[in-house]
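Written below as structure tokens is the structure these notes are about.
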Amino acid sequence: MAEPIKQAALSESLQDYLEAAYLLAQRHGVARMKEIASLVGVGKSSATGAIQALVERGLVNHDPYQYVTLTERGEAAGREVARRHRILKQFLTKVLRVPEDQAETAACKMEHAVKGDVLDRFLSFLKFIQKRSSRNGSWAEAFERFCGRQGSETRRGQGGRVP
């Protein structure tokens, strides 16, 4: 088994490229440079430079005008970034009821900072909240109603302060 790479060794930007290559490889077996660039939201030349940096770190394989494939280490590292992203997005959408598009953007930023025991706590709370329900429905639904009330109070100028 390949030695896992420490995520701290990769910049947030390189983690984004690795995650994109991983997700595309999961869907299609390989990743195309054009698809990676599109997923990350950059031009092809920017993606090419980042992929070359991942090649130099032994995480992906790529020859000019060819597909991008992940090495064993790259697949493990990409899987971990994607896992963090998925857990955080689920927490934001299912527990906090953040709209899907906002949750996607926030999870993308949070995945670089939330790791280890903290991520495990997010996952544990997500599992807990999905298994429990209150008298008025699920915890998440009750929280959504609470947030709606808080928002209307704030708009009326009657509160919204956190103690």
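The values are calculated or read from the model by the stated rules, or taken from the named source; none is laboratory data. Since this is a predicted model, take the numbers as computed values, not measurements. Positions of Cβ are generated from backbone atoms using ideal geometry, with glycine treated the same way; all protein chains shown enter the neighbour counts.
Quick rundown of the values:
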read-out: Residue within region 120-136 that is basic (Lys, Arg), closer than 27 Å to residue 11 by Cβ and crowded, with 18+ Cβ neighbours inside 10 Å present; value: no
read-out: Of all residues in region 91-105 being at pLDDT 90 or above and surrounded by fewer than 17 Cβ atoms within 10 Å (Cβ to Cβ), the one that is nearest to residue 13 (Cα to Cα); value: 105
read-out: Selected residue (only one of 118, 98, 114, 55 is in contact (Cβ under 8 Å) with a residue 12 or more places away in the chain and β-branched (Val, Ile, Thr)); value: 114
read-out: Selection within region 53-66 - crowded, with 17+ Cβ neighbours inside 10 Å and more than 17 Å from residue 12 (Cα to Cα); value: 62
read-out: Single unsatisfied condition, residue 65 versus (1) outside any helix (DSSP H, G or I); (2) aromatic (Phe, Trp, Tyr); (3) touching a Gly at 6+ places or on another chain (Cβ under 6 Å); value: (3)
read-out: Some residue of region 74-83 being among the hydrophobic types (A, V, I, L, M, F, W, C) and either farther than 19 Å from residue 23 by Cβ or in contact with an Asp or Glu (Cβ under 8 Å, 6 or more places away or on another chain) (or both); value: yes
read-out: Single match in 29, 41 (criterion: surrounded by fewer than 17 Cβ atoms within 10 Å (Cβ to Cβ), under 17 Å from the mean Cα position of the chain (by Cα) and of a type outside the set (Phe, Trp, Tyr)); value: 41
read-out: Failed item, numbered, when residue 50 is tested on (1) over 30 Å from residue 125 (Cβ atoms); (2) crowded, with 19+ Cβ neighbours inside 10 Å; (3) in contact with a His (Cβ under 7 Å, 6 or more places away or on another chain); value: (3)
read-out: Every pair of residues 6+ apart whose Cβ atoms lie under 7 Å, when the first sits in region 10-33 and is in a loop (DSSP other than H, G, I, E, B) while the second is not hydroxyl-bearing (Ser, Thr, Tyr); value: 10/18; 30/68
